[in-house]
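> Got a structure for you, questions after.
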Amino acid sequence: MSRAGCGNCADGRLERQVGQLNRRVIQMLSGLIMFKKRVLREVLSCRLYTANYLLMIEYIIRKANHYLRILEEKKNLKKGASRK
């Protein structure tokens, strides 16, 4: 008998759901990064005003890129493991 969330689903349902979630998060993070970069460009060129500090915008971009790299690495490791 398998318990929910234990990772022992014989049909791989949990793995597929996590994979789908990760793909959605990667898409959303990519969109967030593009948006924040655009905001930063607009603020630096004085075409947009924001109450956010520039360093905070840069920090959010860095952290989002870092998280994106982690997810991409995990995705690539999974692809490599499934080929073996």
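The values are calculated or read from the model by the stated rules, or taken from the named source; none is laboratory data. Every value quoted in this text rests on a predicted model; they were computed, and no experiment measured them. Positions of Cβ are generated from backbone atoms using ideal geometry, with glycine treated the same way; all protein chains shown enter the neighbour counts.
> Is it the case that region 56-74 has a residue that's outside any helix (DSSP H, G or I) and either β-branched (Val, Ile, Thr) or modelled with pLDDT under 95 (or both)?
No - not one qualifying residue is present in region 56-74.
> Return the residue satisfying two criteria in turn: it lies in region 63-84 and is without any contact (Cβ under 8 Å) to a residue 12 or more places away in the chain and within 12 Å of the chain's Cα centre (by Cα), and of such residues it is surrounded by the most Cβ atoms within 10 Å (Cβ to Cβ).
63
> Could you say whether any residue in region 33-48 is assigned to a helix (DSSP H, G or I), at pLDDT 95 or above and under 9 Å from the mean Cα position of the chain (by Cα)?
No, every residue in region 33-48 fails to be assigned to a helix (DSSP H, G or I), at pLDDT 95 or above and under 9 Å from the mean Cα position of the chain (by Cα).
> So, one more: Which residues, counting only those in region 30-59, are farther than 29 Å from residue 15 by Cα and either in contact with a Lys or Arg (Cβ under 7 Å, 6 or more places away or on another chain) or of a type in the set (Gly, Ala, Ser) (or both)?
Scanning region 30-59 gives 45, 51, 57.
> Would you check which residues across region 23-53 are among the aliphatic types (A, V, I, L, M), surrounded by 12 or more Cβ atoms within 10 Å (Cβ to Cβ) and more than 30 Å from residue 76 (Cβ to Cβ) and list them?
Residues satisfying the conditions are 43, 48.
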